[in-house]
1. Does any residue of the range 119-131 turn out to be of a type in the set (Gly, Ala, Ser), at pLDDT below 90, open to solvent by less than 60 Å² (accessible area, probe 1.4 Å) and over 18 Å from VAL90 (Cβ atoms)?
2. Could you please find all residues in the range 127-180 being in contact (Cβ under 8 Å) with a residue 40 or more places away in the chain, basic (Lys, Arg) and farther than 27 Å from VAL246 by Cβ?
3. I need the strands (runs of 3 or more DSSP E) fully contained in the range 137-226, keeping only those with at least 2 residues that are open to solvent by 60 Å² or more (accessible area, probe 1.4 Å) and of a type in the set (A, V, I, L, M, F, W, C).
4. Just name the residue that is farthest from LEU26 (Cα to Cα) out of those in the range 60-106 that are among the small types (Gly, Ala, Ser) and crowded, with 20+ Cβ neighbours inside 10 Å.
5. Might you let me know whether the range 17-35 holds any residue that is under 18 Å from MET84 (Cα atoms), outside any loop (DSSP other than H, G, I, E, B) and out of contact with any Ser or Thr (no Cβ under 8 Å at 6 or more places or on another chain)?
6. Test ILE50 against the stated conditions and say whether it is in contact with a Leu (Cβ under 9 Å, 6 or more places away or on another chain) and within 17 Å of GLN170 (Cα to Cα).
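The values are calculated or read from the model by the stated rules, or taken from the named source; none is laboratory data. Quantities reported herein were computed from a predicted structural model and do not represent experimental measurements. Glycine also receives a Cβ, built like all others from the backbone with ideal geometry; neighbour counts cover every protein chain displayed. Accessible surface areas use protein heavy atoms only, side chains included; no ligands, DNA or RNA. Shrake-Rupley method; radii C 1.70, N 1.55, O 1.52, S 1.80 Å.
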Amino acid sequence: MKPLISIITITYQAEASFRQTAESVLNQTYANIEYILIDGKSKDRTVSLISDYEKKFNLRGISFHWISEPDKGIYDAMNKGLQMATGDYVWFMNAGDRIASPDTLEKTLNTIPGFHTKAMNILETNSPDFIYGETYIVNEKGEIMGARRLKAPEKLNWKSFKMGMLVCHQSMIVKRSVAPQFDLQYKYSGDFDWAIRCLRKSKNSLNTHIILSHFLDGGVSKKKMKASLKERFQIMVKNYGLMPTVLRHLWFVCRASWFKLMHGWI
């Protein structure tokens with residue numbers, strides 16, 4: 001049986017950005033999907049749009065589940081999505097973000113060794129726990145601005161994130177059995193903490209070498225950059241120790257300064 005993929009979208013006041021996300025899921029050539037929408041009690045037309053798309057997904061025979069209620073923030077909403085998910089894998093694609101192309105999910109799953117074997121059980125130990133790939137950045141018009149600066153490493157484990165968020169959250173497809181709840185003490189970098197904890201539990205990861213997502217520039221973590229970086233520092237200290245984290249951040253500063261100097265930005 002082909003694996004069921006739970007795609008989870010978090011929305012709030014997203015009438016301007018939700019449509020492109022939903023369309024990217026609806027148009028996937030891979031059909032064994034359940035789509036989960038968690039809305040934070042939007043007051044604009046988001047809920048009306050979700051209701052319209054429920055009909056479209058039902059016509060395609062794709063499971064569609066949604067709620068609209070107040071939450072305690074984006075990671076509380078993501079936890080609700082995880083609790084509703086029943087798929088073999090979970091994939092977060094928030095409002096404004098989109099799956100890169102209609103055949104992205106099909107191509108991604110084709111990279112799993114033995115995927116076409118009829119006897120394959122996706123929950124076997126040799127199937128990847130953590131699937132990842134590349135990301136393009138897009139603006140509010142949906143125009144591609146370029147590839148994400150940090151390229152996904154060939155090999156990935158929990159220690160890889162010593163070097164920062166090497167893989168965009170929207171380009172991670174994680175086996176549900178290793179996906180923990182988000183830690184609500186983090187308001188802006190909970191996805192960074194979550195990715196590390198997923199990888200700690202993962203026995204194997206798979207680099208698809210495929211562009212998996214188009215990430216909308218200017219999310220919450222970017223708007224709250226200072227607070228987000230502070231949380232990331234705390235998360236890195238928790239996982240990798242204080243002194244290694246301090247030394248690594250000094251190197252980050254030197255690298256960024258050198259880059260700006262070489263490009264005439266300073």
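1. Looking through the range 119-131, none of the residues is of a type in the set (Gly, Ala, Ser), at pLDDT below 90, open to solvent by less than 60 Å² (accessible area, probe 1.4 Å) and over 18 Å from VAL90 (Cβ atoms).
2. Selection gives LYS175, ARG176.
3. Hits in the range 137-226: 144-147.
4. In this case the residue turns out to be ALA77.
5. No, every residue in the range 17-35 fails to be under 18 Å from MET84 (Cα atoms), outside any loop (DSSP other than H, G, I, E, B) and out of contact with any Ser or Thr (no Cβ under 8 Å at 6 or more places or on another chain).
6. No; evaluated as a whole, the condition is false for this residue.
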